[in-house]
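The block underneath contains the structure these notes are about, expressed in C-alpha cells.
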Amino acid sequence: MSITVNGLDELKKLSGSDLGTSEWIEVTQERIDTFADATGDHQWIHVDPEKAAAGPFGAPIAHGYLTLSLFIPLFTELLDVQGVTTKVNYGLNKVRFPSPVKVGSRIRLAAKLGDVEEVPGGVQITVDGAIEIEGGTKPAAVLQSLSRFYA
C-alpha cells in the first residue's frame, strides 16, 4: 500500500516512518537475460540454465545489480511524493547482497524512511531497504539509498 504525500513539508513529517512492503515480483529468466543483454554481463551463472543447475546455487541467479536496480520500481509502490518538480536518485551509502536470487524467486522491498534533510531547492531522503526473497532466511539485498526531491 502506497503512502502519498503532497509536497516537501508532508515528506519531512514522515522522517523515521516504516514504509511497509511492496508487492512481490517474480525474477524470471527472461528478466535476467534482458539485464545481461543491457549490461553485457553474460556470466553463465546468470544466463546458462543447464550449467547453472549444476553450479553452486542449483539454478541460475539474478545479477546483484539487477536486484539492486529493482529498488526504484519497488520503492515507488511504497511512497508517492506529489507536488514536486523533480525526483532524482542521489546515490547509495551501503549495499550488500547476503543471498542470491534464484530464477523464479519472488522478491519485495521492505523499507523505512530515515532522515529527511534540507538541500538547496528541496530535500534529501535516506531510505533503509531490504529486498526480501519469499521464503528466504536472508534478504537478497540490504541498502541505504539517497534520493532528492525538488520543489
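Details
- For V101, the amide hydrogen comes within under 5 Å of the amide hydrogens of A62, counting only partners 5 or more places away or on other chains and with H modelled in the peptide plane.
- Counting DSSP beta bridges with both ends in the chain, the antiparallel % (nearest 5): 90 percent
- Apolar share of the accessible surface for the range 1-59: 50 percent from carbon plus sulfur atoms, 1.4 Å probe.
- Coordinate range of the alpha-carbon atoms in the chain per principal axis, descending: 53, 30, 23 Å.
- What you get for the chain, charging only the Cβ of Lys and Arg (+1) and of Asp and Glu (-1), is a dipole of about 300 debye around the Cα centre.
- Å² per residue, accessible surface of the range 1-82 at 1.4 Å: 54 Å²
- Computed lengthening from T76 to S15, 0.36 nm per intervening residue step minus Cα-Cα distance: 20.3 nm
- Hypothetical label at T137: residues of the range 94-112 whose amide nitrogen lies under 17 Å (7 Å Cα-Cβ projection): 98-102
- Lysines whose Cα lies under 20 Å from that of K112, excluding same-chain neighbours fewer than 8 positions away: K12, K13, K87, K94, K138
- Axis of helix 29-39 versus longest Cα principal axis of the chain: the two differ by about 70°, to the nearest ten degrees.
- Remark: spin-label model distance E30-Y65 equals 2.4 nm, labels positioned 7 Å along the Cα→Cβ axis.
- D_trans [Stokes-Einstein, Kirkwood Rh over alpha-carbon pairs] for the range 23-100, 4 °C, 1.567 mPa s, µm² s⁻¹: 89 µm²/s
The values are calculated or read from the model by the stated rules, or taken from the named source; none is laboratory data. Computed from a prediction, not measured in an experiment: that's the story for all the values here. Neighbour counts run over all protein chains shown; Cβ positions are idealised from the backbone, glycine included. These area figures cover heavy atoms from the full protein model, side chains too; ligands, DNA and RNA do not enter into them. Shrake-Rupley method; radii C 1.70, N 1.55, O 1.52, S 1.80 Å.
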